Each structure stands twice: as structure tokens, then as C-alpha cells.
């Protein structure tokens, strides 16, 4: 039992050191945090009778988004402009990783004490590792699909009417 308390104390001291180091560093304003004062509309591109606003944002390729999210879950979503989705994938990545490490630590303790619950704890470790790997693969697949749908109009609405289904697509006025 004393070995567990010593390891826990070391982890608490390490976390306290990280908090102190992060609080000592001055706040840095990134260029993306500076408010944009230019409120000029994007340039208009005419295609026959339809006028479309040209998007000035850099488009990411679907395979690039997939590889980014496969490497770091949430990165591909952030690159395609889906920041909340990216944050959710990154958060779940942290939860799954920490729970896998916690269950692994508990399994080692149960092995040392020769507890009969080692088999159940080993299954828990494997379950968390599977969820961790699934998060990587699902994050990559979601980033791949969202990169394909970047040009899809965000204001597209599907409505049910008494006589059927209607779709509304807003078209900007010249």
C-alpha cells in the first residue's frame, strides 16, 4: 500500500510543478486571436446568372484532413473549421488515454497483491485501449468526410411539408 501512496505523491508533485511552470510563463497573444478590423465582404465571382462569393479561406484536401486527425485527433477537424468537433475528439483522446493508463496502474497493483481481480482489470485495460484506437480511426474518418463537405452550403435546410419534402438553398443577392 505504501508504494501506491509514494507513486501518487510523485504524480501530485509533478502536476504541481507543471501548473507552476505554466503560470509563470507570460500570456502570448497569437495572431489568430487579434480581432479582424477589416469588415470588407469577400470578392464576388459571377458564373452566368448566379453570383457566388469567393471564399478566401484555404481549403484542405480530404486525405490531408484524414492524416492530420489520424496523427492527432481533432487536428483535421480544426483545419476544416470545425473547432468544437475537434475539441471533442481531442478531449475524448485525453480521457481514453488517462483511463487506460489508470487501469494499467491498477492492474499492476492487483498483480503485486496477487488479487483474483487481475483478469477483470486486464479486460478493462483492453477496453480502454480499444476506445483509444477507435477514437483515432473515427476522428480520421470524420475529418475526411468533413473535408469533402467544405464547399457544401451551411445554410442548406431540409423541411417536411404536408405534400412532401422541401429543400431551401440561400442564394446571395448581387
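The values are calculated or read from the model by the stated rules, or taken from the named source; none is laboratory data. Every value quoted in this text rests on a predicted model; they were computed, and no experiment measured them. Please note: Cβ atoms are built from the backbone with ideal geometry, for glycine as well, and neighbour counts cover all protein chains shown.
Assorted remarks:
- Residue match in region 154-166 (condition: assigned to a helix (DSSP H, G or I) and either exposed (fewer than 10 other Cβ atoms within 10 Å of the Cβ) or at pLDDT 85 or above (or both)): no
- Whichever residue in region 80-104 is touching a residue at least 60 places away in the same chain (Cβ under 8 Å) and touching a helix residue (DSSP H, G or I) at 6+ places or on another chain (Cβ under 8 Å) and, among such residues, is surrounded by the fewest Cβ atoms within 10 Å (Cβ to Cβ): 85
- Search result, residues across region 109-119 that are in contact with a helix residue (DSSP H, G or I) (Cβ under 9 Å, 6 or more places away or on another chain) and without any contact (Cβ under 8 Å) to a residue 24 or more places away in the chain: 110, 111, 115, 116, 117, 118
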